[in-house]
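First the structure, in the form of structure tokens, and then the observations on it.
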């Protein structure tokens, strides 16, 4: 009986590091998800110069966009959701996020400011 207890105790001691290693292998996907949230596109100041609802595009004069390594300038962007354009008019001051998606520069979020 004593030898059975020793064998079981030994098995538990041997198995504990293996189980711990298996658990730690599963942590990186969670960390990747947290990193993805941390690297979300920053909100950038801009001004609406033109809204083209038919083409689903907006012309913005904007500050530098760090995630696209782009200096401030005026340029045309596609929008992720055409409904965004219903909230915008020429001259609006905005904060927006943009990303390069399938090779196109796309406004992914927009908020009007005062």
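Couple of notes before you dig in:
- Selection status of residue 97, without any contact (Cβ under 8 Å) to a residue 12 or more places away in the chain, at negative phi and either outside any loop (DSSP other than H, G, I, E, B) or surrounded by 14 or more Cβ atoms within 10 Å (Cβ to Cβ) (or both): no
- The set of residues in the stretch 57-86 being part of a helix (DSSP H, G or I) and either surrounded by fewer than 17 Cβ atoms within 10 Å (Cβ to Cβ) or within 18 Å of the chain's Cα centre (by Cα) (or both) consists of 66, 67, 68, 82, 83, 86.
None of the figures in this text is laboratory data; all of them are computed from the coordinates on show. Model, not experiment: these values are computed from the prediction. No Cβ is skipped: glycine too gets one built from the backbone with ideal geometry, and neighbour counts run over all protein chains shown.
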